[in-house]
1. Taking a cut-off of 18 Å between Cα atoms, list the aspartates and glutamates near Lys23, but don't count ones fewer than 8 places away on the same chain.
2. Semi-axes of the equivalent ellipsoid of the range 70-116: what are they in whole Å, largest first, if each equals the square root of 5 times a C-alpha gyration tensor eigenvalue?
3. Students often check this: by mean Cβ neighbours within 10 Å, which of 105-117, 87-99 ranks highest, and how do the rest follow?
4. Can you tell me the Rg and Dmax of the chain, counting just the alpha carbons, in angstroms?
5. At 1.4 Å probe size, with every protein chain present, just tell me what the per residue accessible area of the chain comes to in Å².
6. Which net charge results when you count Lys and Arg as +1 and Asp and Glu as -1 among the other residues whose beta-carbon is under 13 Å from that of Val63?
7. Could you compute the net charge surrounding Met34? Neighbours are other residues with a C-beta less than 10 Å from the C-beta of Met34; K and R count +1, D and E count -1.
8. Report the calculated FRET efficiency for Asn72 and Gln113 (r = Cβ-Cβ distance, R0 = 25 Å), to the nearest 0.05.
Amino acid sequence: QVQLVESGGGSVQAGGSQRLSCKVTGITIGSYYMAWFRQAPGEEREGVAFIGPSGVTTYRGPVKGRATISKNNAENTLYLQMNNLKPEDTAVYYCAAKRGLSINYDYWGQGTQVTVAS
């Protein structure tokens, strides 16, 4: 019943930009902690950006200054704007949601591939 569907991935040249979307159904994202994660081949899944019910955002070091997380509560959609993309940004990007302060996220999307060419 709950679905998180990512879109906007694809191939881009280094230095380019990408805007990912996560359309959510089954829950109201205004009541949830939302996040973007990514996983590159052979690497652990890592958090990228986070936004709480209040709209407060946080970012992990590798994307600070290059990424912006936002949401449209009316559209129940989460976004990730990434600029000045680097080859090391190549990964599958996942949208996730959780109700409380647990480290575990309750819902995950299937992911969207972002490939940054050198």
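1. Glu6, Glu75, Asp106
2. Here the semi-axes work out to 23, 15, 10 Å.
3. 87-99, 105-117
4. 13.4, 40
5. Solvent-accessible surface per residue comes out at 52 Å².
6. +2
7. Within the 10 Å Cβ shell, the charges total +2.
8. E between Asn72 and Gln113, to the nearest 0.05, is 0.60.
The values are calculated or read from the model by the stated rules, or taken from the named source; none is laboratory data. Since we're looking at a predicted model, the values are computed, not measured. Every residue, glycine as well, gets a Cβ built from its backbone with ideal geometry; the counts of neighbours run over all protein chains shown. We work out accessible area using only protein heavy atoms, side chains counted, and drop any ligands, DNA or RNA first. Shrake-Rupley method; radii C 1.70, N 1.55, O 1.52, S 1.80 Å.
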